[in-house]
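Comments concern the structure below.
The values are calculated or read from the model by the stated rules, or taken from the named source; none is laboratory data. These numbers come from a predicted model, not from an experiment. Glycine also receives a Cβ, built like all others from the backbone with ideal geometry; neighbour counts cover every protein chain displayed. SASA here: full protein model, heavy atoms, side chains in, ligands and nucleic acids out. Shrake-Rupley method; radii C 1.70, N 1.55, O 1.52, S 1.80 Å.
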Amino acid sequence: KRDGRGTFRFFGAEMDLQVQTRNRLAHDLRLALSREELRLVYQPFIDARTGAVTGCEALIRWQHAEKGLISPADFIPLAEATGLIVPMGDWVLDQACQEAVQWPDSRRVAVNISPVQFRDHDLPERILAILLRTGLPPSRLEIEVTESLLVEEVSAALDILRRIRALGVRIALDDFGTGYSSLGYLRIFPFDKLKIDKSFISDIAERSDCQIIVQAVRDIAHGLHMTVTAEGVETADQAALLQEIGCDEFQGFLFSRPRTRPDLRAWDRWQRAA
Ligand code: C2E
Ligand code: MG
Ligand code: MG
Ligand code: MG
């Protein structure tokens, strides 16, 4: 399929091995949920003006019994292809809300939602059920979606996004500026927040073109009443520049790598780093 329609390939031994490896991993992933091999780590958001830690993004990790830690980049695509992302995504939402309800000062939690989860039109109702069960106020939940969501079946996706928003949940557009970027999406859906992809941030101190792009994104976002988060902030130079440009929020290794459940000491440490 990758080579286009109407072409064919003979099935080779190495493809057989790839398929076997993949099937094995899919099998393990199916069991990972019940074996409690999945967990969430959290990375703080920093308010760029006040330096306050305002919440965290929840990021999934898979601690495989033999293979060790597997990164989401290596198993989310498999979870999407097999449909496992649906129960897994519910688990992530549930865990993240359970965790965040205990956080001090009404801090928010952000959860990544795959486009595949949007194929189920009951997603807003499932989110509501999780909010009610965990007791997390909707305003403290933020969901992160990527532009790929808006490429297929736009009207269905928009309908679901609007119903989620109507619950009082905030919606962020993740990895902005990569892949399928189209400014048209910003007209058809009013996101609460734009997260500028880390590829623009990593070069911002050295490259004026990145600065110009980030400034332009800031203007568009603020003009459309969205906030701007810079992801992948790794150096103090980058943070200073982004603050000058007027980004609203930072996230990145400069402040913290993703960590297991934040206790009071972690919030304190993060606050001091910020
Ligand atoms: P994302 O949502 O854009 O998450 C940000 C990624 O950037 C995370 O990678 C984070 O660890 C990494 N990061 C944060 N700060 C820095 C930095 O300063 N420098 C660099 N180089 N990287 C930084 P991670 O945790 O490996 O997640 C990768 C992607 O996997 C996420 O990108 C997201 O698209 C997906 N993902 C993670 N957890 C979930 C989940 O629960 N559900 C779904 N559907 N996708 C998830
Ligand atoms: Mg994200
Ligand atoms: Mg991102
Ligand atoms: Mg990403």
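For the stretch 240-254, does any single residue satisfy the condition of being among the polar types (S, T, N, Q), surrounded by fewer than 21 Cβ atoms within 10 Å (Cβ to Cβ) and outside any helix (DSSP H, G or I)?
Scanning the stretch 240-254 turns up no residue that is among the polar types (S, T, N, Q), surrounded by fewer than 21 Cβ atoms within 10 Å (Cβ to Cβ) and outside any helix (DSSP H, G or I).
I196 is checked against (1) more than 20 Å from Y42 (Cβ to Cβ); (2) open to solvent by 20 Å² or more (accessible area, probe 1.4 Å) and fails just one. What number does that condition carry?
(2)
Residue-by-condition table, conditions (1) open to solvent by less than 10 Å² (accessible area, probe 1.4 Å); (2) free of Cβ contacts under 8 Å to residues at least 40 places away in the same chain:
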{"position": "V101", "(1), (2)": "no, yes"}
{"position": "S106", "(1), (2)": "no, yes"}
{"position": "A110", "(1), (2)": "yes, no"}
{"position": "I127", "(1), (2)": "yes, no"}
{"position": "T134", "(1), (2)": "no, no"}
{"position": "P138", "(1), (2)": "no, yes"}
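If you check every pair at least six apart or on different chains, which have Cβ atoms under 6 Å apart with a residue in the stretch 253-269 that is within 16 Å of ligand 3 (Cβ to nearest atom) first and a residue that is open to solvent by 80 Å² or more (accessible area, probe 1.4 Å) second?
F253/E234; L254/E234
So which strands (runs of 3 or more DSSP E) stay within the stretch 1-109 end to end and still have 3 or more residues that are at pLDDT 95 or above?
Where strands (runs of 3 or more DSSP E) fall fully within the stretch 1-109 and carry at least 3 residues being at pLDDT 95 or above, they are 38-47, 53-64.
Quick one: how many residues across the stretch 144-184 are open to solvent by 40 Å² or more (accessible area, probe 1.4 Å) and farther than 23 Å from V214 by Cβ?
Adding up the residues that qualify gives 11.
Report, by residue number, each residue of the stretch 43-80 that is away from ligand 1 (no atom under 13 Å from the Cβ) and open to solvent by 30 Å² or more (accessible area, probe 1.4 Å).
Scanning the stretch 43-80 gives D47, R49, T50, A52, T54, Q63, A65, E66, K67.
Hey, does the stretch 124-132 have a residue that's touching a strand residue (DSSP E or B) at 6+ places or on another chain (Cβ under 8 Å), more than 16 Å from ligand 2 (Cβ to nearest atom) and not polar (S, T, N, Q)?
Yes: the stretch 124-132 contains one or more residues that are touching a strand residue (DSSP E or B) at 6+ places or on another chain (Cβ under 8 Å), more than 16 Å from ligand 2 (Cβ to nearest atom) and not polar (S, T, N, Q).
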